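Q: Here it is, the structure, as structure tokens.
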Amino acid sequence: MKKGKLLFFATITLVISAFVFNACTKDDTTPPEIKLKGDKIMTIELNSTFVEPGYTAEDDEDGDITSSVVVTGTVNVNSAGTYSLTYTVSDAAGNIGTTTRTVIVKNAASYLEGNYSVIDIADGYQSTYTDHITASSTVNNKVWVDYFANYENGSVYFTISGN
């Protein structure tokens, strides 16, 4: 009979201990953190190659979960524009961590873009007009000039001042 009571109390103690320890555990509500290697905003030249600088993902409960990161979005290096890459990871508790990287694809000659006041002088005539330069969105170091000199007066000399 003593053995039976001892076994009964041991079982009750074990059940109560399991309940107490489970009741004291905290739920995992902290999302994992993704850290980008390199810059969060990157600028690359048109028609170049985009190389992903990398990332890491850490969770306070699960540790290193970098291998679970999913990257969505693309960078079209052959078309000037702004592109977003989204990095998402989920931990074992279902918490989701996310971050984004912005990649700007830019024509190296885009600094020339703008309106210019042009003074065209030839054969004793002077004319002033505004010209506009636009950088190509598909070919690096290529620009378009809208007017390029006043050909009505047969001019070929001009100066560009300001931007």
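Q: So which chymotrypsin sites (Phe, Trp or Tyr not before Pro) in the range 81-128 are both in a DSSP loop and have at most 12 other Cβ atoms within 10 Å of their Cβ?
A: none
Q: Name the residues of the range 40-61 whose amide N is less than 13 Å from a point 7 angstrom out from the Cα of residue 108 along the C-beta direction?
A: 44-49
Q: Please go through the range 29-117 and write out the GluC sites (Glu not before Pro) that DSSP classes as loop and that have at most 16 other C-beta atoms within 10 Å.
A: 61, 113
Q: How many nm is it between the label spots at residue 82 and residue 125, if each spot is 7 Å from the Cα in line with the beta carbon?
A: 4.4
Q: Identify all aspartates and glutamates with a Cα-Cα distance to residue 142 below 19 Å; exclude those on the same chain that are fewer than 8 residues away in sequence.
A: Straight-distance partners of residue 142: 45, 113, 131.
Q: Note down the relative contact order for the range 25-64 as a percent, whole number, built from C-alpha pairs under 8 angstrom at least six residues apart.
A: Relative contact order here is 51 percent.
Q: Taking amide H positions as placed in the peptide plane 1.01 Å from N, state which residues far from residue 136 in sequence (5 or more) or on other chains have amide H under 5 Å from it.
A: Result for residue 136 returns 142, 143, 144.
Q: In whole Hz, with x marking every Gly and Pro, tabulate ³J(HN,Hα) for the range 75-91 from phi via Karplus 6.51 cos²θ - 1.76 cosθ + 1.60, θ = phi - 60°.
A: 10, 9, 6, 9, 9, 4, x, 10, 10, 10, 10, 10, 10, 10, 8, 10, 8
Q: Through the Karplus equation 6.51 cos²θ - 1.76 cosθ + 1.60, θ set to phi - 60°, convert the phi angles of the range 138-143 into ³J(HN,Hα) values in whole Hz; use x for Gly and Pro.
A: With coefficients 6.51, -1.76 and 1.60, one gets 10, 10, 5, 6, 10, 10 Hz.
Q: Next question, about the same structure. Checking the cross-link filter: which aspartates and glutamates have an alpha carbon closer than 12 Å to that of residue 40, excluding same-chain neighbours under 8 positions apart?
A: 52
Q: Which net charge results when you count Lys and Arg as +1 and Asp and Glu as -1 among the other residues whose beta-carbon is under 9 Å from that of residue 53?
A: Around residue 53, the surrounding residues sum to 0.
Every number in this text was worked out from the coordinates using simple rules, so none of it is lab data. Predicted, not measured: the structure shown is a model, and the values here were computed from it. FYI the Cβ positions are ideal-geometry reconstructions off the backbone, even for glycines, and counts take in every protein chain you see.
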